[in-house]
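This report concerns only the one structure given below.
None of the figures in this text is laboratory data; all of them are computed from the coordinates on show. All figures in this text were calculated on a predicted structure; none of them were measured in a lab. Note that each Cβ is placed from the backbone with ideal geometry, even for glycine, and that neighbours are counted across all protein chains shown.
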Amino acid sequence: MSRRIVVDDDLCLLAGECVYNHPEYFAWNDDESAVLVVKPDIVTEADETHASQAIPICPGGAISIVED
Ligand code: SF4
């Protein structure tokens with residue numbers, strides 16, 4: 001089973017908190033109209049920490065972890 005970070009574009013408010021606080025994991029797309037998860041796979045403890053910190057600071061509730 002793998003776990004990864006996802007952003008729901010319908011919920012994202014483009015507030016940028018995730019990009020500002022966790023730039024290794026989140027980035028703007030070219031025209032800053034959406035957020036991309038540039039490091040989605042949760043493998044290391046650091047990945048786990050960044051994901052768990054990003055989820056509660058997202059004002060849109062757009063960030064979550066999915067398990068495949
Ligand atoms: S913190 Fe949440 S609402 Fe803000 S840009 Fe990131 S995903 Fe979108």
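Values as computed for the structure displayed
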item: Complete set of residues in segment 17-44 that are acidic (Asp, Glu) and either buried (at least 16 other Cβ atoms within 10 Å of the Cβ) or under 13 Å from ARG4 (Cα atoms) (or both); result: GLU17, ASP41
item: Selection within segment 43-68 - within 19 Å of GLU17 (Cβ to Cβ) and assigned to a loop (DSSP other than H, G, I, E, B); result: CYS58, PRO59, GLY60, GLY61, ALA62
item: Within segment 5-49, tally of residues that are over 19 Å from VAL66 (Cα atoms) and among the β-branched types (Val, Ile, Thr); result: 1
item: Selection count where residues are within 6 Å of the ligand (Cβ to nearest atom) and in a loop (DSSP other than H, G, I, E, B), scope segment 11-42; result: 5
item: Pair list, Cβ under 6 Å, 6 or more apart: segment 52-67 residue free of Cβ contacts under 8 Å to residues at least 40 places away in the same chain and under 13 Å from ILE42 (Cβ atoms), other residue within 6 Å of the ligand (Cβ to nearest atom) and not hydroxyl-bearing (Ser, Thr, Tyr); result: ILE55/ILE63
